[in-house]
Amino acid sequence: MRPRLFGMTASVAAFGLLGSLVTACGSLSGSDGTTLRLVAPEYGDSPATSSKAYWDKLTAAYTAAHPGRRVQVTLYPWADVDREVTRMVEEDDAPDVALMGAYSDFAAQGRLYPAGEVLSIRTEANFLPPLAEAGSVDNTLYGLPFVASSRLLFYNQELFDEAGAEPPKTWSDLKDAAEALKAEDVLYPYALPLGPEEAHAEALIWELSNGGGYTDSNGRYNIASERNTQTFHWIRENLVAPGLTGPVPPAELNRQDAFAAFLSGDVGMVNGYPSLLHQARAKGMKVGTLRMPVSDTLPEGKTPPAAGVADWMMAFRHEGNRELVGSFLNFVYEDKNLNEFARRYQLLPSTVTATQASQGTAADPGTEQFLTALRTAELYPVNEPSWLQVSNTIKRNIGKAVEPSADPKAVLEHIAQQARDAAQER
């Protein structure tokens, strides 16, 4: 997912097309108790959609309500923000607040405030339960969920009608639909983005639909489980080998490229989130959405959770900054501020009251189905301190499991061993 946050006196957007360029006014040297340093990713994909406008507005509102205080914001591309925050921490120059894709490594190092020290009781209790659970280590909330999304299967209704295909409920249904789409020369009957951009999301969606996942019931990594191995065997034999996943090898297909192909009418099915639905409908496309089809061997009556993704705020400990950080974060999590950002990028707010306030007013009424899926979704194991390292390993390697000559079990075992090694280092 790519969801992100808040008010900015000091940044110029950095986009993928600009590489790792970052521009910020002023120095990032330590907080003086009145100037808060925030590092966040850029959610926009062009100057017109840059997060800068949102940060400027929010910063102005915060400083007007808190005279004498400033917020200094630096934006990084999503591909760089985790690495840059890690670098700052290693150089003992952590910001006051950071927004990124993981938090627990810093919590394990004792560098973060628990939510109870910086948020009001009302704000802390307001997070949606699955997100609060994922943001907690040993029952203490450190990762503050900001915006989120759940994943559903999208299908191009016009292509389905032309192919005489039916919306799939099971994997075999999905294969049948893909074969019908291929017979009509659809370029990507099923787009399978297992490239390094976000392969860990696509992989989790498939694993969950077969009763698997990244961890076992005790929260330990279980990447090479029997069910996960079955999943990647099935994908390789039933989708990749028959040419139902398109001209680009899955290990080289990134999510954004798959989405662009879907919006161009070249994809029959792809897993997506709310912003893709908004973009497709804005183009006049007829799009259907449904829960990910389940494995034909899944026990009858078992309904796997959808995959959920959240982005995490974290508050770094510095001498004298706790009250400043607390006032800022409580302001950020006011319903109007959170919902404005969520609407801007067609994402889901992370709190109960913001979700209630957004219902019926969202730019796209289809958002409700994603909210419903999020309430029971399974998220990445972000409360495992090694997750940031493990997720990078998955992104780089999981696509190999479906290559024509691959042994999925061997690929998963290799990833699992690296995950075990990473967990032992923490």
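Take the Cα pairs of the chain, get the Kirkwood Rh, then feed it into Stokes-Einstein at 37 °C and 0.692 mPa s and tell me D in µm²/s.
On the way: Rh = 22.0 Å.
So the translational diffusion coefficient is about 149 µm²/s.
In what order, largest first, do Ser405, Ser46, Ser391 sit by accessible area if the probe radius is 1.4 Å? Walk me through the numbers on the way to the answer.
Working: Ser405 115, Ser46 35, Ser391 5 Å².
Accessible-area ranking of Ser405, Ser46, Ser391, largest first: Ser405, Ser46, Ser391.
Against the empirical 2.2 N^0.38 Å scaling, what ratio does the C-alpha Rg of the stretch 201-314 come to?
Working: Rg = 15.6 Å, N = 114, 2.2 N^0.38 = 13.3 Å.
For the stretch 201-314, the normalised Cα radius of gyration is 1.17.
Just report the Cα centroid separation between the stretch 171-233 and the stretch 295-313, whole Å.
Here the two parts' Cα centres lie 11 Å apart.
When all protein chains stay in place, what accessible area (Å², nearest 10, 1.4 Å probe) is found for Met88?
About 0 Å², ignoring ligands and nucleic acids.
Would you mind telling me the antiparallel percentage of the DSSP bridges in the chain, rounded to 5?
Numbers: 26 of 40 bridges.
Of all bridge pairs located within the chain, approximately 65 percent are antiparallel.
Mind checking which helices in the chain clear 24 Å along their axis (Cα) and have mean Kyte-Doolittle hydropathy of 0.5 or more, DSSP H runs only? Intermediate results must be reported in sequence, preceding the final value.
Working: long enough: 408-425 (26 Å, -0.71).
The qualifying helices: there are none.
Using a 1.4 Å probe over the heavy atoms of the protein chains, calculate the carbon and sulfur portion of the accessible area of the chain as a whole percent. Present the calculation step by step, with values, prior to reporting the outcome.
On the way: 8120 of 16790 Å².
Answer for the chain is 48 percent, counting heavy atoms of protein chains only.
Accessible area per residue of the chain at 1.4 Å probe, in Å²?
Working: 16790 Å² over 426 residues.
Here the per-residue accessible area is 39 Å².
So which lysines can Lys409 reach, going by Cα to Cα under 24 Å and dropping same-chain residues fewer than 8 places off?
Result set, ordered by chain and number: Lys175, Lys395, Lys400.
What Kirkwood hydrodynamic radius do you get for the stretch 164-247 when you take the inverse of the mean 1/r over all pairs of distinct Cα atoms, in Å?
Numbers: mean 1/r = 0.0730 Å⁻¹.
For the stretch 164-247, inverting the mean 1/r across all distinct Cα pairs yields 13.7 Å.
For the stretch 95-199, what is the Kirkwood estimate of the hydrodynamic radius, computed as the reciprocal of the mean inverse distance between distinct Cα atoms, to one decimal in Å? Show your work: numbers first, answer last.
Details: mean 1/r = 0.0570 Å⁻¹.
For the stretch 95-199, inverting the mean 1/r across all distinct Cα pairs yields 17.5 Å.
Place a label point 7 angstrom from the Cα of Asp421 along the Cα-to-Cβ direction, then list the residues of the stretch 208-223 whose backbone nitrogen is under 18 Å away.
Residues passing the 18 Å test: 221-223.
The values are calculated or read from the model by the stated rules, or taken from the named source; none is laboratory data. All values reported here derive from a predicted model rather than from experimental measurement. Note that we place each Cβ from the backbone using ideal geometry, even for glycine, and neighbour counts take in every protein chain shown. The protein model used for the area step is the full one, side chains on, heavy atoms only, and it has no ligands, DNA or RNA in it. Shrake-Rupley method; radii C 1.70, N 1.55, O 1.52, S 1.80 Å.
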